[in-house]
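Any read-out appearing in this document is the output of simple, stated calculations on the displayed coordinates, not a laboratory observation. Bear in mind that the values here come from a model prediction, so they are computed numbers and not experimental data. Cβ atoms come from the backbone with ideal geometry, glycine included; neighbour counts cover every protein chain shown.
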Amino acid sequence: MGDVIVLIRVMPEDVGTDIEAIREEVKKRIPEGVRLRGLETKDIAFGLKAINVVVQMKDGAGGPDAVQQSFEKIPHVQSAEIMDMGLL
């Protein structure tokens, strides 16, 4: 098995949500064996911002889903969605 790169978009509950606090919590929730490759705040619309998280991990059953689900449990996060995934 090789490594995969996964792009996960983390959406806050609303415009007033502290994006920096969510970014810091995302960093803390990266599981062991998963490498953070990128963290970028993107403007979506009407002042709403999303966080694009790029991680690298071993290709295996449930890996990306577990990371995505851990991000969804962050306070003030509306959703975390796997946007793209590819083999290295």
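Between [x] 13.0; [y] 20.1; [z] 14.5, which matches Kirkwood radius over Cα pairs in Å calculated for the structure shown? Only one option fits the structure, namely [x]. If only the Cβ of Lys and Arg carry +1 and only the Cβ of Asp and Glu carry -1, the dipole of the chain around its Cα centre is close to 220 debye. Over all other residues within a Cβ to Cβ distance under 9 Å of residue 55, the charged ones net out to +2, with Lys and Arg as +1 and Asp and Glu as -1. Taking Cα atoms only, the orientation of helix 63-72 departs from the longest principal axis of the chain by about 20 degrees. Taking the chain as a Gaussian network of alpha-carbon nodes connected by springs under 10 Å, the highest mean-square fluctuation of the residues 18, 59, 43 belongs to 43. The loop-placed GluC sites (Glu not before Pro) in the stretch 1-46, going by DSSP, that have at most 13 neighbouring Cβ atoms within 10 Å of their Cβ come out as 13, 32.
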